[in-house]
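S.K.: This structure is in structure tokens; I'll ask about it shortly.
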Amino acid sequence: MKKNQIIIVDGYNVIGSWPNLSKLKNQDRLSEARDTLLNSLAEYKKIEQVRMIVVFDAMYVPGIKETFNVFNLEVVFTPEDQTADSYIEALSDELNSPLNIVTVVTSDQAEQWTVFSRGAVRIPSYEFYKRIKNLKDEINNDVKNHYDRQIVRNSPWSDEQLKQLKKFLNRKEDN
């Protein structure tokens, strides 16, 4: 029987742990950091075919309590009086079943132990960053190898189109 993979991400914890997102946060560009995180998670979700829930608490966006989908991700902003930690703990407890494998991404030690004691798998935020980065590197290598094989073949693309594609791929690698 195939189990459903569910990943719950502690959004602000991840933003504080990933170098590129932490830099944006420190430059008072938190909204951009959130969008960049969601974009990276959406790419990962598309490749790995998992259910992804990203939780942000009201610490940085007071007064908001909403749940919505963006980039095919479930995004939750907790109410002002509830932390992301308590929300994630309750959610992982609720979703954990014999049919689901629940994984929580956070570097908060107390939260890791709580969700682990309730049967969820835990991944530190920076380890998840490395996992996503490695996956992107593998894809880029596959694309490069495919691209190199295409050049050897009789390619229908003009030299100018190939240059534009190479520029595009280089920009994607930098992100």
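The values are calculated or read from the model by the stated rules, or taken from the named source; none is laboratory data. Just so it is clear, the model here is predicted, and its values are computed rather than measured. All Cβ positions, even for glycine, are placed from backbone atoms using ideal geometry, and neighbour counts span all protein chains on display.
S.K.: Quick one: what pairs do we get from the stretch 55-68, first residue at positive phi, second at pLDDT 60 or above and part of a loop (DSSP other than H, G, I, E, B), C-beta under 8 Å, 6+ apart or different chains?
M.R.: Once the first residue is at positive phi and sits in the stretch 55-68, its partners that are at pLDDT 60 or above and part of a loop (DSSP other than H, G, I, E, B) give Gly63/Glu80.
S.K.: Something else: Would you pick out the residues in the stretch 65-120 that are charged (D, E, K, R) and more than 16 Å from the chain's Cα centre (by Cα)?
M.R.: Within the stretch 65-120, Lys65, Glu66, Glu80, Asp81, Asp85, Glu89, Asp93, Glu94, Asp108, Glu111, Arg118 qualify.
S.K.: Being touching a residue at least 60 places away in the same chain (Cβ under 8 Å) and assigned to a loop (DSSP other than H, G, I, E, B) is the filter here, so list the residues in the stretch 1-11 that pass it.
M.R.: Within the stretch 1-11, Met1, Lys3 qualify.
S.K.: Something else now. Identify, from the list Phe128, Phe77, Phe71, the residue that is in contact with an Asp or Glu (Cβ under 6 Å, 6 or more places away or on another chain), touching a residue at least 12 places away in the same chain (Cβ under 8 Å) and under 18 Å from Leu41 (Cβ atoms).
M.R.: That would be Phe77, the only listed residue that is in contact with an Asp or Glu (Cβ under 6 Å, 6 or more places away or on another chain), touching a residue at least 12 places away in the same chain (Cβ under 8 Å) and under 18 Å from Leu41 (Cβ atoms).
S.K.: If we keep just the residues of the stretch 13-45 that are more than 12 Å from the chain's Cα centre (by Cα) and of a type in the set (Ser, Thr, Tyr), which is nearest to Leu135 (Cα to Cα)?
M.R.: Ser17
S.K.: Within the stretch 97-125, take every residue that is without any contact (Cβ under 8 Å) to a residue 60 or more places away in the chain, among the aliphatic types (A, V, I, L, M) and in a strand (DSSP E or B) and give me the one that is nearest to Phe56 (Cα to Cα).
M.R.: The extreme case among them is Ile123.
S.K.: Follow-up. What pairs come up if the first residue lies in the stretch 21-32 and is under 18 Å from Ala58 (Cα atoms), the second is assigned to a loop (DSSP other than H, G, I, E, B), and their beta carbons are under 8 Å apart, counting only those six or more places apart or on different chains?
M.R.: Filtered contacts from the stretch 21-32: Leu30/Tyr60.
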